[in-house]
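The structure appears below as structure tokens.
The values are calculated or read from the model by the stated rules, or taken from the named source; none is laboratory data. These figures come from a predicted structure and were not determined experimentally. With ideal geometry, Cβ positions are generated from the backbone for all residues, glycine too; neighbour counts draw on all protein chains shown. Calculation scope for accessible area: heavy atoms of the full protein, side chains included, ligands and nucleic acids excluded. Shrake-Rupley method; radii C 1.70, N 1.55, O 1.52, S 1.80 Å.
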Amino acid sequence: PVPPTGTPATVAPDVAPGAVLGDGTTARGRARSRWRRARWPLVVLLGVLVAAALASVLEPRTSTDPLGHDNPEADGARAVAQVLTGQGVTITPVSTTADAARAAGPGVTLLVSSTWYLSDEQVERVRGTGADLVVVSPDDWHVPVLTGGAVDVVWSASTTVEPRCDDPAARAAGTLTTSGGPYVAVTDAASVCFTGSDGAGGVASATVDGARVTLVSDGSVLTNRYVADEGNAALALHLLGRNDELVWYLPSATDTGESATDPFALLPPWVGPVAAQLGLVLAVVALWRARRLGRLVTEPLPVTVRAAEATEGRARLYRRARSRGHAAAALRAGTARRAAGRLGLPRSAGATDVVDAVARATRRPAEQVTALLYGPPPTDDAGLLRLARQLDELESEVHRT
């Protein structure tokens, strides 16, 4: 039965697949039509889900951060981190000052890979955690802040690889691949190791508010490339393995001192590649659908503008803008096109072919024809008028042939 006018057709749950519905279709045909419309979006969605699953499974477990605990490259420190983990040290990686202050405390070692991106307030906050600090390559102006004024920086040219101090970590290292350093002890509370003749060394330590602060001028002793050389490994393990907990802090340019509040920072790392793949798929689908729009449909204008009026309007615009070059180019192009058509040249003919054909037809020198059709633009209105007359004469000579 056909429903009354204005009443939408509904399908009862118990309608047979082959039964004719109120709109003249069948349930099977309607389902087939819906599937035909939805299959490609479903295929794209399935492809995105498969790509997301593969990206999550194949997510890299390493990084490329310099001195990163999970970086296996030459400038990483995964070798030291793995040895420390094997010795029972728990490593907590952080990337902001707030997270470092939250994770560190008394009885914990806090490694700071650099202070280049840290402000003075962030350095003070790091020192105030009460943890044993190991700071690699600190900026010169941060050295007194970190050590409570016990250590300072000088320009030193001396080199040495011997400990020359009583620090247990330096004694265990024996020798280092690095040489010399900029640190000097200002008070008796500081100890400087691996010093040269001027007393400046590469490793300095001091006790500040009950916590031990150690400065290492050259971070290469921790890297995978050099950790196995000389006593680098012994120094790294003694400094970082002093406590059972190690907070591994890698400051960055985006470190504002607070915990990450960006919602995108909470997403897993594979979201970025999957989003890029999804964008590529959407672009392909958009191009595919755009090809199905067909040719452009012309629409009649509400008024008819004569060609002469359009030409005069463009000429006025050229004159107002003093665009004599564009006007001359339009005149020359029109003359060359009409002359080439008159002489039977194809539309793909080059400038040389047009010049030769016009020169033969008008018996003018080829240099004169070239100057008229492809010469420099006129510099004033009189020159433009003269060029227009000369082009008209040239075209009239072509038509007489």
### Task
Mind giving me the FRET efficiency for residue 303 and residue 368? R0 is 41 Å, r the Cβ-Cβ distance, nearest 0.05 is fine.
0.40
#### Entry: For segment 77-249, accessible area per residue (1.4 Å probe, heavy atoms of protein chains only), Å²
42
### Task
Assign one of three labels to segment 333-375, namely rounded, prolate or oblate, based on the Cα gyration tensor with a ≥ b ≥ c the square roots of its eigenvalues; rounded applies when a/c is under 1.5, prolate when it is not and a/b is larger than b/c, and oblate otherwise.
prolate
### Query
Shape of segment 77-249 from its Cα gyration tensor (a ≥ b ≥ c, root eigenvalues): rounded if a/c is under 1.5, otherwise prolate when a/b > b/c, or oblate?
oblate
## Note on the structure
Checked segment 348-401 against the a/c 1.5 cut and the a/b vs b/c comparison, axes a ≥ b ≥ c from its Cα gyration tensor; verdict oblate
### Message
Given the whole protein assembly as supplied and a 1.4 Å probe, what does the accessible area of residue 145 come to in Å², nearest 10?
### Response
40
### Query
Roughly how much of residue 69 is accessible, in Å² to the nearest 10, using a 1.4 Å probe?
50
#### Entry: Sites residue 117 and residue 46 - FRET efficiency at Förster radius 45 Å, r taken between beta-carbons, to 0.05
0.55
#### Entry: Solvent-accessible area of residue 299 with every protein chain in place, 1.4 Å probe, in Å² to the nearest 10
150
### Message
Out of the total accessible area of segment 308-397 (probe 1.4 Å, heavy atoms of protein only), what percent is carbon and sulfur?
### Response
51
### Query
In segment 183-260, what percent of the accessible surface is made up of carbon and sulfur (1.4 Å probe, ligands and nucleic acids excluded)?
46
### Query
Calculated FRET efficiency, residue 37 and residue 280, Cβ-Cβ r, R0 35 Å, to nearest 0.05?
0.90
